Amino acid sequence: MEIVALKILLIAISAGIMGAILGLGGGIIMTPALTFLFGVDIQYAIGASLISVIATSSGAAIAYIRDGITNIRVGMFLEIATTVGAITGAIIGGIIAPNLLYSIFGVFLVYSAILMLKKVKQELPGEVTEHPMAKTLKLQGQYYDKALKKQISYKAANVYSGFGVMYGAGVISGLLGIGSGSFKVMAMDIFMKLPLKVSSATSNFMMGVTGAASAAIYLYRGDIDPVISAPVALGVLIGSTIGARLMQKLKSKTIRKLFIPVLMYIGMQMILQGLGVKL
Amino acid sequence: MAEHQSESSQHAINKAELFVSYSLRIGVLLSATVILVGMVRFFMTGEGGYIGHSYPTKLGDIIAGAFTFKPFGIIMFGLVLLILTPIMRVGVSAIVFITEKDWLYVGISTIVFLILVSSFFFGK
């Protein structure tokens with residue numbers, strides 16, 4: 001028993017590191033690892049991966065907010081879209097079979113991964129035309145980039161489409177009970193043209209809130225098993241603390257190179273799931 | 001001169017951000033400690049304190065379990081604290097925006113908070 005808990009803890013640490021760097025919840029590591037390696041039932045694996053989402057978010061946010069990487073205003077504003085989306089997802093999830101939606105969102109992710117490929121050599125967004133709404137909402141910001149060793153000022157573009165994609169991210173969270181960090185990072189990076197580090201940190205920041213709303217439901221249902229979730233929570237908290245420090249020293253180009261294959265993988269998985277192929 | 005001004009406004013934001021970061025740190029350390037205590041106790045006694053592998057899932061039972069020092073009760077209580085941390089963060093952000101007299105964002109934080117609360121009713 002102790003050995004299994006220790007193994008889960010070690011995997012959770014790596015999930016936390018990766019989640020913090022890429023702005024994802026670590027669910028893409030935790031869920032398959034728990035089901036395939038430890039034979040955990042999918043419902044408990046999802047419950048534990050929700051704990052992983054919340055732990056990554058809070059653990060990473062401590063450093064990201066303190067160091068000014070997270071844009072709290074962008075996060076709070078877009079949370080309106082994700083929370084309303086999450087409720088929509090929870091409602092439609094009970095009405096229609098989500099298969100078609102999986103495929104649509106999967107295609108969308110693969111498409112964005114291709115869009116991201118074009119930005120692979122780009123370290124910073126460069127000159128961005130500020131959306132008038134971004135000015136009203138004071139979405140601009142600045143942070144100190146530890147890899148470039150300089151202060152970076154940035155503005156936000158395409159506020160409406162960013163908001164729309166965030167709504168979609170919320171719908172997915174509500175449907176699947178995941179953090180859907182990949183969609184959040186994309187909404188900010190590709191659509192709103194925010195720096196990748198800001199997008200990743202802000203995605204992390206936002207994920208905890210939607211995750212918490214779903215986690216309460218899963219907890220009540222009994223899907224959060226203490227023996228599995230405890231090492232996941234502790235490991236991910238340790239990992240995300242390390243990851244949030246590591247990410248700041250990485251170049252955005254490097255982070256992007258890690259992000260694109262992950263995006264492709266999640267996208268393909270969603271398409272296959274939508275077509276009814278069991279992985 | 002202009003630079004000096006932007007520096008001081010940056011300073012105000014940093015102070016607010018430090019406060020949010022600090023509140024998260026407390027939430028995280030508190031929940032991690034409680035979970036760790038529960039885990040250690042579980043491994044020491046070899047049992048969860050409940051029949052078979054069952055564990056409490058209702059808030060009242062979880063709190064009762066934690067205060068009677070049952071390992072699974074303590075772990076679940078720590079997990080509840082962890083789940084509550086981001087929700088507390090929304091509240092703390094709202095307070096920070098109030099102290100900054102940023103009414104637009106006080107409104108936005110309040111809306112998010114209300115949607116979150118309502119999501120508990122929409123959920124299955």
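The values are calculated or read from the model by the stated rules, or taken from the named source; none is laboratory data. Computed from a prediction, not measured in an experiment: that's the story for all the values here. A quick note on method: Cβ atoms are made from the backbone with ideal geometry, for glycine too, and the neighbour counts reach across all protein chains shown.
Is it fair to say residue A:194 is surrounded by 24 or more Cβ atoms within 10 Å (Cβ to Cβ) and either modelled with pLDDT under 85 or assigned to a loop (DSSP other than H, G, I, E, B) (or both)? Spelling it out, residue A:194 is indeed surrounded by 24 or more Cβ atoms within 10 Å (Cβ to Cβ) and either modelled with pLDDT under 85 or assigned to a loop (DSSP other than H, G, I, E, B) (or both). State yes or no: is residue A:29 of a type in the set (Val, Ile, Thr), assigned to a helix (DSSP H, G or I) and at pLDDT 95 or above? Against the criterion (of a type in the set (Val, Ile, Thr), assigned to a helix (DSSP H, G or I) and at pLDDT 95 or above), residue A:29 does not qualify. With respect to residue A:104, determine if the residue is within 11 Å of chain B (Cβ to nearest Cβ) and over 27 Å from residue B:44 (Cβ atoms). When the stated conditions are applied, residue A:104 does not pass them. The requirement of being in contact with a Pro (Cβ under 7 Å, 6 or more places away or on another chain) and hydrophobic (A, V, I, L, M, F, W, C) is fulfilled somewhere in the range A:198-219, by at least one residue. Against the test of being buried (at least 16 other Cβ atoms within 10 Å of the Cβ) and within 16 Å of the chain's Cα centre (by Cα), the options B:56, B:86, B:71 yield a single qualifying residue, B:86. Residue A:153 meets all of the listed conditions (1) farther than 22 Å from residue A:17 by Cα; (2) small (Gly, Ala, Ser); (3) more than 14 Å from chain B (Cβ to nearest Cβ); (4) surrounded by fewer than 22 Cβ atoms within 10 Å (Cβ to Cβ) but one, namely (3).
Looking across the range A:64-79, just one residue is more than 8 Å from chain B (Cβ to nearest Cβ) and surrounded by fewer than 24 Cβ atoms within 10 Å (Cβ to Cβ), and that is A:67.
Listed by position, the helices (runs of 4 or more DSSP H) enclosed by the range B:21-124 that each have at least 2 residues that are over 25 Å from residue A:84 (Cβ atoms) and either touching a residue at least 12 places away in the same chain (Cβ under 8 Å) or at the interface with chain A (Cβ under 7 Å from one of its Cβ atoms) (or both) are B:59-67, B:71-99. With respect to residue A:82, is the statement that it is closer than 16 Å to residue B:93 by Cβ and either in contact (Cβ under 8 Å) with a residue 60 or more places away in the chain or not hydrophobic (A, V, I, L, M, F, W, C) (or both) true? When the stated conditions are applied, residue A:82 passes them. Taken together, A:234, A:246 contain a single residue that is part of a helix (DSSP H, G or I), more than 20 Å from residue A:119 (Cβ to Cβ) and either within 7 Å of another protein chain (Cβ to nearest Cβ) or acidic (Asp, Glu) (or both), which is A:234. Every listed requirement among (1) of a type outside the set (Val, Ile, Thr); (2) within 14 Å of another protein chain (Cβ to nearest Cβ); (3) in contact with a strand residue (DSSP E or B) (Cβ under 9 Å, 6 or more places away or on another chain); (4) surrounded by fewer than 23 Cβ atoms within 10 Å (Cβ to Cβ) is met by residue A:138 save one, (3).
Against the list (1) touching a Pro at 6+ places or on another chain (Cβ under 6 Å); (2) in a helix (DSSP H, G or I), the condition residue A:111 fails is (1).
Quickly run through the range A:116-127 and pick out the residues that are in contact with a helix residue (DSSP H, G or I) (Cβ under 9 Å, 6 or more places away or on another chain) and either part of a loop (DSSP other than H, G, I, E, B) or loosely packed, with under 15 Cβ neighbours inside 10 Å (or both). Of everything in the range A:116-127, those that are in contact with a helix residue (DSSP H, G or I) (Cβ under 9 Å, 6 or more places away or on another chain) and either part of a loop (DSSP other than H, G, I, E, B) or loosely packed, with under 15 Cβ neighbours inside 10 Å (or both) turn out to be A:117, A:119, A:120, A:121, A:122, A:123, A:124, A:125. Return a yes/no flag: does the range A:258-276 have any residue that is modelled with pLDDT under 95 and in contact with an Asp or Glu (Cβ under 7 Å, 6 or more places away or on another chain). Scanning the range A:258-276, I find no residue that is modelled with pLDDT under 95 and in contact with an Asp or Glu (Cβ under 7 Å, 6 or more places away or on another chain), so the answer is no. Scanning the range A:65-102 for residues that are of a type in the set (S, T, N, Q) and either more than 26 Å from residue A:217 (Cα to Cα) or outside any helix (DSSP H, G or I) (or both) returns A:70, A:71. There is at least one residue in the range A:179-186 that is in a loop (DSSP other than H, G, I, E, B), out of contact with any Asp or Glu (no Cβ under 6 Å at 6 or more places or on another chain), among the polar types (S, T, N, Q) and under 18 Å from residue B:112 (Cβ atoms).
Checking each residue in the range A:41-51 for being modelled with pLDDT under 90 and crowded, with 21+ Cβ neighbours inside 10 Å picks out A:45, A:46, A:47, A:49, A:50. Reported count of residues in the range A:202-224, each being outside any helix (DSSP H, G or I), surrounded by fewer than 24 Cβ atoms within 10 Å (Cβ to Cβ) and in contact with a Phe, Trp or Tyr (Cβ under 7 Å, 6 or more places away or on another chain), is 1. Taken over the range A:8-25, the criterion of being away from chain B (no Cβ under 14 Å) and surrounded by fewer than 24 Cβ atoms within 10 Å (Cβ to Cβ) is satisfied by A:10, A:11, A:14, A:18.
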